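See below for the structure under consideration.
The values are calculated or read from the model by the stated rules, or taken from the named source; none is laboratory data. Every value quoted in this text rests on a predicted model; they were computed, and no experiment measured them. For accessibility, only protein heavy atoms count, side chains too; no ligands or nucleic acids. Shrake-Rupley method; radii C 1.70, N 1.55, O 1.52, S 1.80 Å.
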Amino acid sequence: MQFPLSYPLTFSFKIVAFAPQFSVRDSKGVLIAYVKQKLFKLKEAVTVFADEGQTQPTYTLKADRIFDFSARYHLADAGGADLGSVKRQGMRSLWKAHYDILEGETAVMNIREENVWVKVIDALFSEIPILGMFSGYIFQAAYLVSRASGEVVMRMQKQPAFFEGKFAVERKGLLGEAEERRILLSLMMMLLLERARG
């Protein structure tokens, strides 16, 4: 990721051969990150690439344990330097997505679902024959990234789309480059986990 980034960013999901993958593009359509999740790994590990050909690894997102609902995902650059981590808040996240973004052992920010009812209604609507195909086009979940003080610094919202998931990310507050990078990597990991959860 080359900073400063041109917002809004677009996260576009596709499922190819059962493997979730997505690209991140800036407001001009320039690719800034590409992720392809490997299937059937006991311990989650995701590599972020600078290109779709997956020849330029830039970051890694690695779980600290095997198959745990409250796993912590360590963020690192291609050289292995620690960039922080993101952790799902176990039981809290069953009803409403809640993740802590950590610097060392300190939670400096969090990601929360803006309105849990959107997800509930979307899940119910998607079960209706034929009409359920349009659920992803009608109901769009949104997530807020906030500092510990409550200040919202970024917002991500699902966009209407058929056959693929699209999310728009907008910056809402002032951020340092390290904070911005940590947030975007955390959002990538969160999206992969939330898609797996349904």
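May I ask you to rank Thr106, Thr58 by accessible area, largest first, using a 1.4 Å probe over the protein chains only?
Values: Thr106 80, Thr58 35 Å².
Of Thr106, Thr58, the descending order of accessible area is Thr106, Thr58.
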At a 1.4 Å probe radius, which order do Tyr7, Tyr99 fall into by accessible area, largest first?
-> Tyr7, Tyr99
Give the ranking of Arg182, Arg147 by solvent-accessible surface, highest area first, calculated with a 1.4 Å probe.
-> Arg147, Arg182
Under 19 Å from the Cα of Lys36, which aspartates and glutamates turn up, not counting those fewer than eight places away in the same chain?
-> Asp26, Glu44, Asp51, Glu52, Asp77, Glu164, Glu194
Compute, for Glu113, the solvent-accessible surface of its heavy atoms (probe 1.4 Å) with the complete set of protein chains present, and express it in square angstrom to the nearest 10.
-> 0 Å²
Under-5 Å amide H pairs with Ile32, H placed in peptide plane, nonlocal only | Val24, Arg25, Asp26
Heads up, I need the accessible area for Asp82: 1.4 angstrom probe, whole protein in place, Å², nearest 10.
-> 110 Å²
Residue by residue, what Karplus-based ³J(HN,Hα) values in Hz, rounded to whole numbers, does the stretch 106-115 have, using 6.51, -1.76 and 1.60 with θ = phi - 60° and x for Gly and Pro?
-> 9, 6, 9, 8, 9, 10, 9, 5, 5, 9
